[in-house]
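J.: After the structure tokens below, expect a handful of questions from me.
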Amino acid sequence: MTLLRIDSSIQGPASSSAALADLVLEEFLAARPDEQVVTRHLGADPLPSDAWANAIHGSFTPEDQRTPAQVEALALAASLAAELQAADAVVLALPLYNFGISQHVKTWIDLVLAGAGAGTPLLTGKPVVLLTTRGGSYAPGTPREGWDHNTDYLRRILVDVWQADLTVVEREFTLVGVNPALDDFIEPAAVMKKVAEEAAAEAGQVLAGGLSR
Ligand SMILES: Cc1cc2nc3c(=O)[nH]c(=O)nc-3n(C[C@H](O)[C@H](O)[C@H](O)COP(=O)(O)O)c2cc1C
């Protein structure tokens, strides 16, 4: 079987979403050391930002009239959709930036949708673990309740469009200890970190136990 891991942090080794994905993989590979893991890093190695428009316009253009850029973009879209569809399990580390998904993640989703067809359920019943992290808190009753336009959008795509069997692990307040304005939240942030780490490790164990060999 193949596990596809996709990261998207722009923060390199300081990434808290990658740290959670590492925990999932650690537990998964401890139980299944021989499984194949395919990785893609959308933050460190971004997809070209003009590829989606080229793929869309290419799909509207008769094959023999497509520009080289359109041909290339359509091939990229098809290969990204095929990569996702070929995975038996998927681990996604997709943090919140600027109150939404990052441009890198949006480009990936747009290209997969272009490559597969917008309504194609690429992940029917397949296990997907989404690790998502946020610098602040968007919990009910907080001033920024309703401002997280990352997590619900990802649920729409992963569950409603691609029909994945989704597990979400969230960690808030990752900027506590970094941004002094959040110093009042040191204790709850430490608890949230621990809870998220435990949930990520458990998700890795469940992933390993739930897949056929
Ligand atoms: C450019 C940028 C924009 C960010 N925007 C937000 C934001 O809108 N809301 C928030 O709560 N945190 C925001 N953060 C903080 C990140 O959500 C936080 O650092 C999170 O841990 C990122 O995951 P990562 O560590 O895997 O990169 C932002 C961080 C960066 C670098």
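J.: Could you derive backbone 3J(HN,Hα) for region 177-184 from the dihedral phi with the Karplus parameters 6.51, -1.76 and 1.60 (θ = phi - 60°), listing whole Hz in sequence and x where the residue is Gly or Pro?
T.: With the stated coefficients, region 177-184 comes to x, 10, 9, x, 5, 9, 4, 5 Hz.
J.: If Trp52, Trp108 are ordered by their accessible area, calculated over protein heavy atoms with a 1.4 Å probe, which sequence runs from highest to lowest?
T.: On the way: Trp52 110, Trp108 5 Å².
Largest accessible area first, the residues go Trp52, Trp108.
J.: Considering the options Ser17, Leu154, Ala77, tell which one lies farthest towards the positive end of the dipole of the chain, charges being +1 on Lys and Arg and -1 on Asp and Glu at the Cβ, about the Cα centre.
T.: Ala77
J.: Please give me the summed charge of the neighbours of Leu207: other residues whose Cβ is under 12 Å from its Cβ, Lys and Arg +1, Asp and Glu -1.
T.: -3
J.: Calculate for the chain the 222 nm mean residue ellipticity that helices alone would give, adding -39,500 (n - 2.57) per DSSP H run of length 4 or more and normalising by residue count, nearest 500 deg cm²/dmol. Don't jump to the answer; show the numbers that get you there.
T.: Values: 6 runs with 88 residues, N = 213.
Only helices count here, giving -13500 deg cm²/dmol.
J.: For region 1-83, what is the accessible area per residue in Å² when the probe is 1.4 Å? Provide the component values of the computation, followed by the final result.
T.: Numbers: 4460 Å² over 83 residues.
Counting only protein heavy atoms, the per-residue value for region 1-83 is 54 Å².
J.: Continuing with the same structure: Please identify the helices of the chain, taking whole runs of DSSP H, that span at least 18 Å along their own axis as judged from the Cα atoms and have a mean Kyte-Doolittle score of 1.0 or higher. Intermediate values should be presented prior to the final figure.
T.: Details: long enough: 16-31 (23 Å, 1.19); 68-86 (27 Å, 0.92); 103-116 (20 Å, 0.57); 186-210 (36 Å, 0.36).
Sorted by number, the helices that extend far enough and score high enough are 16-31.
J.: Here is a further query. As a test question: what accessible area, to the nearest 10 Å², does Asp165 have when a 1.4 Å probe is rolled over all protein chains in place?
T.: 90 Å²
J.: Heavy atoms only, probe 1.4 Å: what % of the accessible area of the chain goes to carbon and sulfur, would you let me know?
T.: Numbers: 5760 of 10780 Å².
Answer for the chain is 53 percent, counting heavy atoms of protein chains only.
J.: Could you put Tyr153, Tyr138 in order of accessible surface area, largest first, with the 1.4 Å probe and the full protein assembly present?
T.: The ranking, largest first, comes out as Tyr153, Tyr138.
J.: Could I ask something else about it? Give me the mean projected area, in nm² to one decimal, of the convex hull enclosing the Cα positions of region 2-210. Don't skip to the end; give the middle numbers.
T.: Values: hull surface 49.6 nm².
For the Cα atoms of region 2-210, the hull's average projected area reads 12.4 nm².
J.: Work out the length of the dipole vector of the chain about its Cα centre, built from +1 on the beta-carbon of each Lys and Arg and -1 on the beta-carbon of each Asp and Glu, and round it to the nearest 20 debye.
T.: Roughly 200 debye, rounded to the nearest 20.
J.: Could you order the peptides 142-148, 130-136 from most to least packed, using the average number of other C-beta atoms within 10 Å per residue? Walk me through the intermediate numbers first.
T.: On the way: 142-148: 12.4, 130-136: 23.7.
By packing density, highest mean first, the sequence is 130-136, 142-148.
The values are calculated or read from the model by the stated rules, or taken from the named source; none is laboratory data. Computed from a prediction, not measured in an experiment: that's the story for all the values here. Don't worry about glycine lacking a Cβ; one is built from the backbone with ideal geometry, like all the others, and counts go over all protein chains shown. Ligands, DNA and RNA are excluded from the accessible area calculation, which covers all protein heavy atoms including side chains. Shrake-Rupley method; radii C 1.70, N 1.55, O 1.52, S 1.80 Å.
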